[in-house]
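Here, each number is a calculation from the coordinates, and none is a lab measurement. Fair warning: this is a prediction, and the values are worked out from it, not measured in the lab. Here the Cβ positions follow ideal geometry from the backbone for every residue, glycine too, while neighbour counts run over all protein chains shown.
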Amino acid sequence: VKIAWINEKGGTLKTTLATHSAVFFAAFRGENTLLIDMDPQGQAGKSLGYVADDGPTISDVLLGDADLQDAILETSIPNLYLLPADKSLADVPGRLYGQADVNGRLKKLLISQRKYKNVVIDSPPSIGVLTRNILSYVQAAYIPVNLSFLSLDGAAEMVQTIVASRKELGNNKLKVGKVVPTLYRRTKLANAVLERLEQHFGDDCAQTRIGVSVKVDEAQSWGRTIWQHAPRAKASLNFLELMEELYGKATQDGFALLKKSNR
Ligand SMILES: Nc1ncnc2c1ncn2[C@@H]1O[C@H](COP(=O)(O)OP(=O)(O)O)[C@@H](O)[C@H]1O
Ligand SMILES: [Mg+2]
C-alpha cells in the first residue's frame, strides 16, 4: 500500500502511527516497506533511533540533487527502510517555487519503484507543498485525531482537503483511509468528543482508539517502537489491534522478530 498519516494539527500522533504502521508491515507482515519522513522535524527517523548524519535526505531527493536509492537507509528492523528528513526540508518548497509540477515531485520519484511493497509517509503539521506532494502520490490518507474538544473541526477540514485533492491534484486513487481517535482517556469530555467523531464520520472512523500511555514516549526516547520496548503492555496490544483493523491481520510473529533486532 501507499499511505500517509496526515493532519495539519501537531501532536495528534501522526509520527507515532506512521512509524508503527511501517514497522507493522515490515515485522508483522514481512513485507519490504519504505518509511518516508516528510516533516522537517525529522521525528519519524529519530523515534526509530536514527541519528542524522551528513548523508542525503528527502530534501536532496526532492530537489533532484541526490538519487532516491542513495538517500534510503537500511534500519535495524528487517524489511524496513527509511528515507530520512532534516530541517532543510523546510526550505524545499521555497527552492522549488516557480518550477514545473512542484506538487508532483514525490510521485515522479516513487511511481516506478518496485522494491517496496509498502510506502508509509509521515507528514508535517501544515498544508503546503510538502503535503500536496504526499496527497498527489498516496492511495490513502489516514487522519489521527486527538480526543480534545478543538480537534473536531480540524478533522472535518482534513477530510475535505483530502477529498478536494483528488481532483485538484489529479490523484483519483486517493481516498480517506480512516479517522483514528487518539490519546483517549476515560473522561467525560473525551467520551463526548469520541461520540461526536463517530457520529460525524460513521464508518470512516476506526473502531480502535489509541489510549494514552506514557510507555510510548518512553519507547521513542530509546529509539524503539512500543512493540520492542514493552511488548506485553496494554499500549502494545492497543497499537497492534489498530494496525490489524486498518491493514488486516499480522501474518508472522512480529514480536519475536523485533526482539531479535533490538539493539
Ligand atoms: N499512546 C500515547 N499516549 C501518550 N502519548 C503518546 C502516545 N503515543 C505517542 N505519544 C506522544 O505524543 C507526542 C505526539 O506524538 P507524535 O506522533 O509526535 O504526533 P505528531 O506527529 O502528530 O505531532 C509524542 O511526544 C509522543 O511520544
Ligand atoms: Mg510528527
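So the values come out like this:
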{"item": "Viscosity 0.890 mPa s, 25 °C: Kirkwood-radius Stokes-Einstein D of the stretch 1-145 over Cα pairs, µm²/s", "result": "165 µm²/s"}
{"item": "Net lengthening on full extension, LEU152/GLU74 (0.36 nm per residue, minus Cα-Cα)", "result": "24.3 nm"}
{"item": "Ordering of 230-236, 199-205, 33-39 by packing [mean C-beta count within 10 Å, highest first]", "result": "33-39, 230-236, 199-205"}
{"item": "Spatial extent of the stretch 106-187: Rg and Dmax, with the Cα atoms as the point set, Å", "result": "14.1, 48"}
{"item": "Among THR15, GLN228, GLN43 the positive-end extreme of the charge dipole of the chain (Cβ point charges)", "result": "GLN228"}
{"item": "Selection of trypsin sites (Lys or Arg not before Pro), the stretch 43-116, meeting DSSP coil and at most 15 other Cβ within 10 Å", "result": "ARG114, LYS115"}
{"item": "Counting all C-alpha pairs of the chain, share separated by more than 23 Å (%)", "result": "49 percent"}
{"item": "Within a Gaussian network of the chain (alpha carbon springs, distance under 10 Å), most fluctuating of VAL180, VAL193, VAL23", "result": "VAL193"}
{"item": "Pairs beyond 19 Å (Cα-Cα), from LYS115/LYS260; LYS14/LYS107; LYS2/LYS178; LYS14/LYS178; LYS2/LYS87", "result": "LYS115/LYS260; LYS14/LYS107; LYS2/LYS87"}
{"item": "Karplus-derived 3J(HN,Hα), 6.51/-1.76/1.60, for each residue of the stretch 166-182, Hz, glycine and proline x", "result": "3, 7, 4, 9, x, 10, 6, 7, 5, 9, 6, x, 8, 8, 10, x, 10"}
{"item": "Size of the stretch 1-87 as Cα extents on the principal axes (Å, biggest first)", "result": "33, 31, 23"}
